[in-house]
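Below is one structure, written out as structure tokens, with a few remarks after it.
Rule-based calculations on the coordinates, nothing more; no lab input. Computed from a predicted model, the values in this text were never measured in an experiment. FYI the Cβ positions are ideal-geometry reconstructions off the backbone, even for glycines, and counts take in every protein chain you see.
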Amino acid sequence: MDSAAAKPVHRSWIVVVAKSIVVLQTLAIVYMLTSAWVTAVVAAGFVVVVAAVKALSRASRQVDQIFEQELGK
């Protein structure tokens, strides 16, 4: 029986596309309610938040790996 659920292979790009759509719609709403300058600031804020989350996720994985190596001995 074929499932309608997304296959794990496709799930990563589906998530990226969905998040991109949400961000673009949010920026469009900000642009319509304010100005281009405010939209640019909000877009820069999105970039900073995404970069911070990626950096913290990477650091968390590294710390977990270090703890696993040290405590596993």
* Can you sort VAL53, VAL23 by how many other beta carbons sit within 10 Å, fewest first? -> VAL53, VAL23
* Using +1 at the Cβ of each Lys and Arg and -1 at the Cβ of each Asp and Glu in region 9-71, identify which of VAL16, THR34, ALA55 lies farthest towards the dipole's positive end. => THR34
* To do: Using the Cα centre as the reference, give the magnitude of the dipole from point charges on the C-beta atoms of region 9-71 (Lys, Arg: +1; Asp, Glu: -1; all else neutral), rounded to the nearest 20 debye.
  => 220
